[in-house]
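Worksheet: one structure, shown below.
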Number of protein chains: 2
Amino acid sequence: MKKPSDINALIERLGRLGRSGRGEDAMNPVQWESLAYFARANRFSRSPGALTEYLGATKGTVSQTINSLERKGLVRKRVAAEDRRAISVDLTRSGEKMLAAKPPSAVDDALAGLSAVERRQLGRSLEKVLSGALERRDMQHFGLCRTCRFFQRNHKDGDPHRCGLLEEPLRDSDAELICREQTPKNT
Amino acid sequence: MKKPSDINALIERLGRLGRSGRGEDAMNPVQWESLAYFARANRFSRSPGALTEYLGATKGTVSQTINSLERKGLVRKRVAAEDRRAISVDLTRSGEKMLAAKPPSAVDDALAGLSAVERRQLGRSLEKVLSGALERRDMQHFGLCRTCRFFQRNHKDGDPHRCGLLEEPLRDSDAELICREQTPKNT
DNA sequence: CCATTTGGTATCGACTCGATACTATTAGCA
DNA sequence: TGCTAATAGTATCGAGTCGATACCAAATGG
C-alpha cells in the first residue's frame with residue numbers, strides 16, 4: 001500500500017535530484033526558477049511581488065534573488081508607469097540566451113524515457129495534486145491566461161481578447177503566458 | 001503535448017511547496033530529510049557518508065547538518081567499533097518523537113485526496129523516473145534491503161537472512177530498512 | 001613500511017530563507 | 001482636501017545550505 005507520505009518522499013527526492021548536480025553553471029535553482037518565471041509571466045505578473053507569491057517565499061528573499069540576477073546582467077528592473085511603487089522585471093538578451101541554453105537535467109532525461117501515455121497520465125496526476133495543495137494553502141495557481149475564468153475571448157472591448165478581472169485588453173501572445181490572477185474555470 | 005521539462009517543472013514546484021510554508025517548527029527541510037533518513041537506514045548506512053550519497057550533497061554540508069541536529073539533541077554520534085574513522089548516527093528519543101510528531105504537509109493532504117488507484121499509478125511512475133535519473137547520475141537507489149539482489153532470505157549462515165555483498169547476517173527488521181548498497185534485482 | 005585511499009571535519013564565500021524594520025507611493029475615507 | 005491605512009519594495013540580521021578546498025586520522029595495500 002502506498003501512503004501519501006511515501007509519494008511525497010519520492011517527489012522531494014526527485015526535486016532534490018533536479019536541484020543538485022548541475023551546479024557548475026554558477027546559477028542556483030531558485031535563480032533558474034525565477035528566470036524561467038519572468039520569461040513566462042504576463043505583464044501583470046512580471047514583478048517581485050508576483051514572484052514572491054509564485055515561489056511561496058518572502059519579499060525580502062525574492063528581492064535579493066532578483067538583485068543577484070540583475071548583477072549578473074540577466075534581468076532588468078523598470079519602474080512601472082501606472083504605479084510608481086511597482087517594479088517590472090524583464091529578461092535581458094543575455095538572460096534569454098542563458099535560459100535557452102539550459103541543458104536538460106537527469107530527471108528530464110528520465111522523464112523522456114517514459115511513454116507518451118504514461119507521461120501524460122503522470123502530468124495530469126501531478127497537476128491535480130499541485131492544484132489541491134495550492135488551494136489548501138490559499139495560494140494562486142499561476143496558470144495560463146487563456147484557461148482563466150476571467151479570460152474573455154474575442155471580446156468587443158478587447159484587442160482581441162480581454163481580462164474580465166483587471167478590465168484590460170489581451171493579445172494572443174498574452175493568452176499563452178502565466179498570470180498571478182489566473183483562476184481555473186471550474187472551482 | 002506534455003514535454004519532460006513541463007513535468008519536471010511540476011515536480012520542482014511541488015517540491016518547493018512541500019519545503020516552504022511549514023517553517024514554523026524551527027527545522028528546515030534538509031534537517032527533516034536527514035532525520036527521516038537515519039530513522040530508516042540500516043546499520044551499514046547510518047553514517048555521514050551514506051547520507052551524503054543519499055542527498056547528493058557534499059561531505060562538508062552534511063557534516064554541518066548533522067552537527068546542527070546534534071546541537072538540537074535529536075541525534076547522537078558514536079565512533080564505529082569496526083572502523084574507528086567511521087561515525088554511526090542514531091536518533092535520540094527526542095529525535096524519534098520529533099519525527100513522529102511531524103504534521104502532514106499540504107502536498108500530503110492533496111495526495112490523500114487521490115484515489116488509491118491513481119496514487120498507486122503515480123507512485124509507480126515516479127519510482128520509474130527516480131530510478132532512471134539515479135542511474136543516469138550513477139547514484140545509489142537506497143531501496144529496501146529485502147528488495148536487493150544481494151539479499152539472501154533464510155540463508156544458512158544468516159540470522160535468519162544474509163547480505164551476499166557485505167557477507168553479514170541480517171535480521172527481519174534489517175530487511176525492512178534502506179541500505180546504501182541496495183541494488184534492484186533486474187538491472 | 002610508506003604511499004594511497006577512505007571517512008569526517010573545518011572554513012570560506014555566495015546564497016536562501018524567515019523575520020523585522022524601514023521607505024515610498026497609492027488608495028480609502030471622512 | 002487631508003490624514004490614515006494598505007501596498008510594493010528594499011535593507012539587514014541570524015541560521016543554515018551548498019560547493020569547494022584544505023585538512024586530519026585511520027585503514028588498506030602493495
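What follows is calculated from the coordinates using simple rules that are stated; it is not laboratory data. Quantities reported herein were computed from a predicted structural model and do not represent experimental measurements. Counting neighbours? That spans all protein chains shown, and the Cβs are built from the backbone with ideal geometry, glycine included.
Were the residues from residue B:82 through residue B:183 laid out at 0.36 nm apart, the gain over their Cα-Cα distance would be 34.0 nm. Residues of segment A:84-109 falling in the label zone of residue A:53, defined by backbone nitrogen less than 19 Å from a point 7 Å along Cα to beta-carbon, are A:84-90.
The distance linking segment B:47-103 with segment A:100-130 is 33 Å (Cα centroid to Cα centroid, whole angstrom). Mean-square fluctuations from a GNM of chain B, with a 10 angstrom spring cutoff on Cα atoms, peak among B:64, B:152, B:140 at B:64.
Can you give the FRET efficiency for residue B:118 and residue B:153, using 1/(1 + (r/R0)^6), R0 = 45 Å, r = Cβ-Cβ distance, to the nearest 0.05?
Values: r = 33 Å, r/R0 = 0.73.
Once rounded, the FRET efficiency stands at 0.85.
Taken over the alpha carbons of segment A:84-153 as equal point scatterers, the Debye sum produces base-10 log I(q)/I(0) values at 0.11, 0.12, 0.25 Å⁻¹ of -0.53, -0.63, -1.04. Chain B residue nearest by beta-carbon to the axis mapping B to A, with distance in Å: B:15, 1. Using a cutoff of 8 angstrom between alpha carbon atoms and counting only pairs six or more residues apart, the relative contact order for chain B works out to 20 percent. In this structure, the residue pairs whose Cα-Cα separation is over 18 Å, taken from A:3/B:97; A:128/B:2; A:72/A:102, are A:3/B:97. Inter-label distance, residue B:61 to residue A:72: 1.6 nm, where each label sits 7 Å from its Cα along the C-beta direction. Sorted shortest first, the separations between the residue A:97 label point and its copies elsewhere in the assembly read 5.8 nm; each point sits 7 Å from Cα along the Cα-to-Cβ line. Note on chain B: helix-only mean residue ellipticity at 222 nm, from DSSP H runs of 4+ residues weighted -39500 (n - 2.57) and normalised by residue number, equals -14500 deg cm²/dmol.
I need the shape label for segment B:32-88. Rule: rounded when a/c is under 1.5, else prolate if a/b > b/c, else oblate, with a, b, c from the alpha carbon gyration tensor. Rounded is the answer for segment B:32-88, as its axis ratio a/c remains below 1.5.
Measuring nothing but how far apart in sequence close Cα pairs (under 8 Å, 6+ apart) lie, relative to its length, segment B:1-112 scores a relative contact order of 26 percent.
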